[in-house]
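Right, one structure below, let's go through it.
Computed from the coordinates by the stated procedures, all read-outs in this text should not be read as laboratory data. Keep in mind that what you see is a predicted model, and the values were worked out from it rather than measured. Note: ideal-geometry Cβ built from the backbone for every residue, glycine included; neighbour counts use all protein chains shown.
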Amino acid sequence: MRGESLEAVSRDLNVPVHRLSEWRDRVLMASESALKERERDDRDEEIARLHAKVGEITMANELLYAKIDKLEGGRLWPGGGRRDEPGAFDLHAAALRNGAGL
């Protein structure tokens, strides 16, 4: 049928030309829609994969925060600093002097 005129196909199949034209237009529209749907499916799969990854990372973060709370009473840096710091840098004392204006 490719390359044949609509009139010739119409005579061979005993189908009016306008009907063949309608069918051709429907097929072209359906194939275009199918291609768009395929692209959308690929994006949807990627979006679903990324959503799952975000959920996995969120759950890991929540578990880590719960572990910090359990082990250290909610303090990220327990004790205020390292024990091997010299006295001038020791964070166990207040960081600002009273009356410093801050």
Gyration tensor (alpha-carbon) shape descriptor, segment 1-61, a/c threshold 1.5: prolate
Point-to-point label distance, E62-D12, nm (Cα→Cβ direction, 7 Å offset): 6.4
Label-point separation in nm, D69 to S5, each point 7 Å along Cα→Cβ: 8.1
Length gained when the stretch S31-I47 is fully extended (0.36 nm per residue, less Cα-Cα span): 3.3 nm
Qualifying lysines (Cα of each under 24 Å from Cα of K53; at least 8 residues distant if same chain): K67
